[in-house]
Amino acid sequence: MSGKVYLVGAGPGDPELLTVKAVRLLRTADVVLHDDLVPPEILQLVSPAAEVHNVGKRCGNKTIRQEEINFLMVTHAAAGLQVVRLKSGDPLIFGRAGEEMEALRRANVEYEIVPGVTSALGAAADAGIPLTHRDLSSTLVLTAGHRASANGDGDWSQFAVTQATLVVYMPGSDYVEISSRLQAAGFASGTPCALISRATTPGEYIHRTTVADLHQSPRLESPTLLVVGEVVRFADRRSLETTVLPAVETRLAAELT
């Protein structure tokens, strides 16, 4: 018998944002290997007969190595089992799906990608932030904050020049550093920002600030996203906790009405 591995996106947290296919696979899987950030409400959809493993590596606390996860997927599939590798958000966006696909290909294991709603889309929707706007931003950039100092993703100057909307996954808690990097890249000090914690869940919290005042922001519960760009000005005020707003806010609102 030959099993199969499904790399499935669990979405940003709200179970109702799962795809129909994801729900079907959770209910029929023999084995589920899930990220630490997948909420209990989604795991309750897993068949009681399934073998379930938490293989998360949250906040740098790597209790299991990627090689071990690859081994589990390959071994269970080789035994003829249907395996769901359940990832928060979308598997192909900061989900290490590329590494796992390579491991499955090397082992000649059949696999399929089942996309999910990535956190940036879920967070922006709940906050009422249009990630693109024809008058303000036609470019959307997704980057990982914890990797920025280690590779080319650390150069954000090109995004400031094009007035792109920048969404930083895993921005960490050192907002002083990230504020300095944004200003050094050319983002104006008054550029609005939104820190969004636990998007689409009952514990969601949204903090509005600017690039200059980002360093004063409270530490929010993980997972957290940072949205930077003029589009943040359109956020739904009812969902925000707002700090200092620049005077240009009033002028922009007047121009758009």
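The values are calculated or read from the model by the stated rules, or taken from the named source; none is laboratory data. Everything quoted here is computed from the prediction, not taken from an experiment. So basically every Cβ, Gly included, is an ideal-geometry build from the backbone, and we count neighbours across all protein chains shown. These accessible areas exclude ligands, DNA and RNA; they are computed on the full protein's heavy atoms, side chains included. Shrake-Rupley method; radii C 1.70, N 1.55, O 1.52, S 1.80 Å.
Evaluate region 36-146: find the radius of gyration of its Cα atoms, find its Kirkwood radius, and give the ratio Rg to Rh.
1.03
Around Ala199, which amide H atoms from residues at least 5 apart in sequence, or from another chain, sit under 5 Å from its own amide H, with H modelled in the peptide plane?
none
Please list 3J(HN,Hα) in residue order for region 82-90, calculated via the Karplus relation 6.51 cos²θ - 1.76 cosθ + 1.60 where θ = phi - 60°; whole Hz, with x for glycine and proline.
Running phi through 6.51 cos²θ - 1.76 cosθ + 1.60 with θ = phi - 60° gives 8, 10, 10, 9, 8, 10, 5, x, 10 Hz.
To the nearest Å, what is the center-to-center distance of region 1-56 and region 110-124, using C-alpha atoms only?
13
Please identify the trypsin sites (Lys or Arg not before Pro) of region 31-80 that satisfy two criteria: DSSP loop assignment and at most 13 other Cβ atoms within 10 Å. Which are they?
Passing both the DSSP loop test and the Cβ count: Arg65.
Amide H to amide H, which residues 5 or more places from Val32 or on other chains are under 5 Å from it, using H placed in the peptide plane?
Long-range HN contacts for Val32: Glu51, Val52, His53, Val84.
Rolling a 1.4 angstrom probe over the protein heavy atoms, how many square angstrom per residue are accessible across the chain?
Per residue, the chain has 49 Å² of solvent-accessible surface.
Quick check: at a probe of 1.4 Å, how many percent of the accessible area of region 89-232 sits on carbon and sulfur atoms?
49
Return the sequence-ordered ³J(HN,Hα) values of region 24-31 in whole Hz as given by the Karplus equation 6.51 cos²θ - 1.76 cosθ + 1.60 applied to θ = phi - 60°, using x for Gly and Pro.
With coefficients 6.51, -1.76 and 1.60, one gets 4, 5, 5, 7, 10, 5, 8, 9 Hz.
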